[in-house]
Every structure is written in structure tokens, then in C-alpha cells.
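Asker: Following this message is one structure expressed as C-alpha cells.
The values are calculated or read from the model by the stated rules, or taken from the named source; none is laboratory data. Everything numeric here is computed off the predicted structure, so don't read it as measured data. FYI the Cβ positions are ideal-geometry reconstructions off the backbone, even for glycines, and counts take in every protein chain you see. Just so you know, the surface numbers come from the protein's heavy atoms only, side chains and all, with ligands and any DNA or RNA stripped out. Shrake-Rupley method; radii C 1.70, N 1.55, O 1.52, S 1.80 Å.
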Amino acid sequence: MLVIGLMSGTSYDAVDAAATELRLDGDTLALRPLGMTSTPYGDGLRAALAAALPPAAVPLAEVCRLDTGIGRAFAAAAVRANRELCAGRAELVASHGQTVFHWVEDGRVHGTLQLGQPAWIAEATGLPVVADFRARDVAAGGQGAPLVSLVDLLWLRGRPGRPVALNIGGIANLTAPDGTAFDTGPGCALLDAAVREFSGGRLAYDVDGALAARGRADRRLLERLLAEPYYALPAPKTTGKELFHAGYLRTAGLLDGTRPEEVLATLTVLTARTVTDAVRSVGATEVIASGGGMRNPVLAGTLRRLLDEIPVRASDELGLPATAKEAYAFAVLGFLTAHGLPGTDPRSTGARHARVLGSLTPGRNGFGLPPAAARGPERLVVEADDTGAAGERGAVTADE
């Protein structure tokens, strides 16, 4: 089955589309990457989205406009991916949507909201669409995140030692081979928020970590930030920009007179330190890393220094491009849903049971889904793409 996975992370700057051929052969799911595209949000849509995120209060009319605008952006990305990567032969679209709120209180997730109305995708492509993946896991008592953990568990199964999968986007998360999975804390979220504050909105992020590289981490500020109660919570746990936003920086006193370079250097160490603490807490012997945060050489270098003897490898070395891994993961989750198979591991999200995820929107010819599979895969194998198309096409530099 040819599947397009769509993803926009917590940096909300572009829609990543990854196309893949997926085949279920007994207990093995084979994934052949066909490539990715990355389509930036328009400036107006991105500004409207930024203005609507927590802690902002927005009217329902704006939520409706965002749901439509994001849906159209995802639809355009799917059309492009089908044309450029699948020669118009895609059979299914899996859309994560854009997370705008993750309702967490006292360590429990009560709800989650992803915008990007899938009807626009189905109408533009003519294909059935699986969307709204997180809500079913939350309804089953889970955290609704990190949902890519099942894919990581299948993908890394059989690898020697105790490898962990790490993704550093706006928020960082990891998955350990025993099923333990959780958000470690901010990835680039606080870094991006600080850059926007210091630049008056002119800059969206610290390109190549250049500003952080000119500063030195402030030990006093770092210790204050490390006292955040979230880090001490047991797994499974999730967080987001509902906690880690510009207001968080103000409350911590990071925007009051401290040199921008020092703040960014301190926040870089904060991300690297909290990730390192999480990696060591699960006894990792190897880190397989992905996400836009790994494209920041200062952050990636600080992380490698703190991890010391634990090697860090890019997911590209195992066949999944680091910048598109989550889009490929949601393509897999859409494939599982289409075959009536669960897309979660309860050990990772804390749900009572594994569940088939998402809601289905019919395409031009209805659902057109394959027969339900008798059993789910036990491992994921990434096959080489002999067309040479697995890299980025028209990608933008992003930190999602």
C-alpha cells in the first residue's frame, strides 16, 4: 500500500509529507521510503496559529478559521507528495494534524486537540484519510503521546544492547525497548520562544545555534529551570507548549536583563541536560536520534558531550531520514488503522488497552480499505529505496 504521512510539529512552520510503500508479510512490516516534501505554512497562517497557542485565549470563530486553513495547507502538501513522490498512485493519507492544545492536569491527560480538517485532504486528493490519532488513546486512559513509540519499538526490536529512539522537536521524547516512553521536556520550544521574544518576532529560531554559541550557560539560571516539577514525574508523561512558552521564560526571569546569548546558551544546556537525564534513567546503551533539533549543531554537540560514552546516531543510519521520521511513523499508524490493527503499546502511553487509532474520512470512491489483518506486526524493517528518492524535495530549514 502506498501511504502518505503528514506531520507538523510543535514548531508549526511547515507540513512534512513522507511517502512510503508498506507491506505486511507475516509478523514483519516492510517500509520502503519514497521521499519527503516539506511545505512551509504561509506567513499569515503561521502568525494566526502562533497567536492562538497557549496561553492565548481565542474565540471559536478563530478556531474554525484555523481548522480550515490548516486543513487546506495539509491538503496542498498531500497533493504535492502524491504528484512528486507517488506518481499519483497513493492509496491512503495519514494526517497527524496540528496540535494546538494538550489538556494535562495532575499528570493525567483529559483531552487533546489537533486542527486540520481532514475533509479538505480527502476532497483535494480523492483519497481516504486517517486523522485524529491521539484522541482514542486518551479516551482509553492514555497520554495520547508519544504515539510514535509503537513504531520505534517495532523498528528497533532485535538491535543489540538497549537502544532508545529520541526525537527532538519543539518537545523532546524518547522510547526505550521495554516500552517506556515519555516527553523528556522542551526540545526547541523554549529556544524558539526566546529568539522570537528577543528579536521582536523577526526571527523564528536560532539558525545553526549561532546565538547560543556566542554565550555561556548561566549555572544559576540553569538550576532554577531544572527545578521544574515536570522532570521529576514518573513515566508515562507528556507535556507541550501549554507549559513551555514565552510566559514560562518571563516567570523564570530569563527575559529581564539577561543577555540573549546567555539565555539561549542556558536553554540549550537545559534541553541537552534533561534529555541526557532521561536517556540515562532508562539505561540506554545507544541513542537513535531524529527531529529538527538535531539540525542545531550546538544543541546536538552539547547533547553528545553530556551523553559521553553513549553513542548518538542519526536515524538516517537506520534508513529513516531524521527530518521525516515522524511523518513516516504516522504513515505506518495510518496503515495499521486501515488494516484494523492497534497503533499503540499501552506500556508507552499508559492506556488501559491497545487501540485502533484515528477517524476515517472517505475518499472519492469511499473508504477502499483492505481486509482487516489477522494480527499485527512484531517488527518493522526499512527497505532500501532503489529510486534514490528518499531524501528531501523542496524542504525548508525547520526545527519541528
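Asker: List the pairs whose first member sits in the range 348-371 and is farther than 30 Å from Lys237 by Cβ, whose second member is open to solvent by 40 Å² or more (accessible area, probe 1.4 Å) and at pLDDT 95 or above, and whose Cβ atoms are under 8 Å apart, counting only residues at least 6 apart or on separate chains?
Answerer: Pairs that qualify, where the first residue is farther than 30 Å from Lys237 by Cβ and the partner is open to solvent by 40 Å² or more (accessible area, probe 1.4 Å) and at pLDDT 95 or above, are Thr361/Ala119; Phe367/Leu360; Gly368/Glu91; Leu369/Leu360; Pro370/Met1.
Asker: Can you tell me which residue within the range 350-391, out of those that are open to solvent by 80 Å² or more (accessible area, probe 1.4 Å) and either within 22 Å of the chain's Cα centre (by Cα) or hydroxyl-bearing (Ser, Thr, Tyr) (or both), is modelled with the lowest pLDDT?
Answerer: Thr387
Asker: Can you pull out the residues in the range 33-48 that are in contact (Cβ under 8 Å) with a residue 40 or more places away in the chain and either surrounded by fewer than 24 Cβ atoms within 10 Å (Cβ to Cβ) or farther than 17 Å from Gly116 by Cα (or both)? Explain how you work it out, then say what you get.
Answerer: Residues of the range 33-48 in contact (Cβ under 8 Å) with a residue 40 or more places away in the chain: 33-40.
Passing the criteria: Pro33, Leu34, Gly35, Met36, Thr37, Thr39, Pro40.
Asker: Ok, one more. Would you call Asp152 acidic (Asp, Glu), out of contact with any Leu (no Cβ under 8 Å at 6 or more places or on another chain) and under 20 Å from Thr175 (Cα atoms)?
Answerer: Numbers: acidic (Asp, Glu): yes; out of contact with any Leu (no Cβ under 8 Å at 6 or more places or on another chain): yes; under 20 Å from Thr175 (Cα atoms): yes.
Here the answer is yes, as Asp152 does meet what is asked.
Asker: I've got another one for you. Tell me whether the range 296-312 contains one or more residues that are farther than 30 Å from Val138 by Cα, assigned to a strand (DSSP E or B), modelled with pLDDT of 95 or more and open to solvent by less than 40 Å² (accessible area, probe 1.4 Å).
Answerer: The initial filter retains those residues of the range 296-312 that are farther than 30 Å from Val138 by Cα, namely 296-312.
If we keep only those that are assigned to a strand (DSSP E or B) as well, we get 312.
Keeping just the survivors that are modelled with pLDDT of 95 or more gives 312.
Still in the list and also open to solvent by less than 40 Å² (accessible area, probe 1.4 Å): 312.
Yes: one or more hits.
Asker: Right, another one. For Val332, only one of the following conditions fails: (1) under 13 Å from the mean Cα position of the chain (by Cα); (2) β-branched (Val, Ile, Thr); (3) part of a helix (DSSP H, G or I). What is its number?
Answerer: (1)
Asker: Of everything in the range 230-252 that's among the basic types (Lys, Arg) and in a loop (DSSP other than H, G, I, E, B), which residue is nearest to Pro346 (Cα to Cα)? Please lay out each step first, then the result.
Answerer: So the first thing to find is which residues in the range 230-252 are among the basic types (Lys, Arg), and the list is 237, 241, 250.
Still in the list and also in a loop (DSSP other than H, G, I, E, B): 237, 241.
Details: Lys237: 13, Lys241: 24 Å.
Of everything passing the filter in the range 230-252, Lys237 is nearest to Pro346 (Cα to Cα).
Asker: If I go through the range 180-209 residue by residue, how many of them are open to solvent by less than 50 Å² (accessible area, probe 1.4 Å), free of Cβ contacts under 8 Å to residues at least 60 places away in the same chain and not charged (D, E, K, R)?
Answerer: Residues in the range 180-209 being open to solvent by less than 50 Å² (accessible area, probe 1.4 Å), free of Cβ contacts under 8 Å to residues at least 60 places away in the same chain and not charged (D, E, K, R): 2 in total.
Asker: Could you grab me the full set of residues in the range 114-140 that are assigned to a helix (DSSP H, G or I), open to solvent by 10 Å² or more (accessible area, probe 1.4 Å) and acidic (Asp, Glu)?
Answerer: Within the range 114-140, just Glu123 meets the criteria.
Asker: Also, quick follow-up: Looking at this structure, is Glu62 over 25 Å from Thr337 (Cβ atoms) and either open to solvent by less than 30 Å² (accessible area, probe 1.4 Å) or at pLDDT 95 or above (or both)?
Answerer: Working: over 25 Å from Thr337 (Cβ atoms): yes; either open to solvent by less than 30 Å² (accessible area, probe 1.4 Å) or at pLDDT 95 or above (or both): yes.
Yes.
Asker: May I pose another question? Considering each of Ala51, Ala30 in turn, give the residue that is open to solvent by 60 Å² or more (accessible area, probe 1.4 Å) and of a type in the set (A, V, I, L, M, F, W, C). Please lay out each step first, then the result.
Answerer: Details: Ala30 fails: open to solvent by 60 Å² or more (accessible area, probe 1.4 Å).
Result: Ala51 is the single residue among Ala51, Ala30 that is open to solvent by 60 Å² or more (accessible area, probe 1.4 Å) and of a type in the set (A, V, I, L, M, F, W, C).
Asker: Listed residues Gly319, Gly340; which is open to solvent by 10 Å² or more (accessible area, probe 1.4 Å), more than 25 Å from Thr99 (Cα to Cα) and either among the small types (Gly, Ala, Ser) or over 19 Å from the mean Cα position of the chain (by Cα) (or both)?
Answerer: Working: Gly340 fails: more than 25 Å from Thr99 (Cα to Cα).
Checking each option against the conditions leaves just Gly319.
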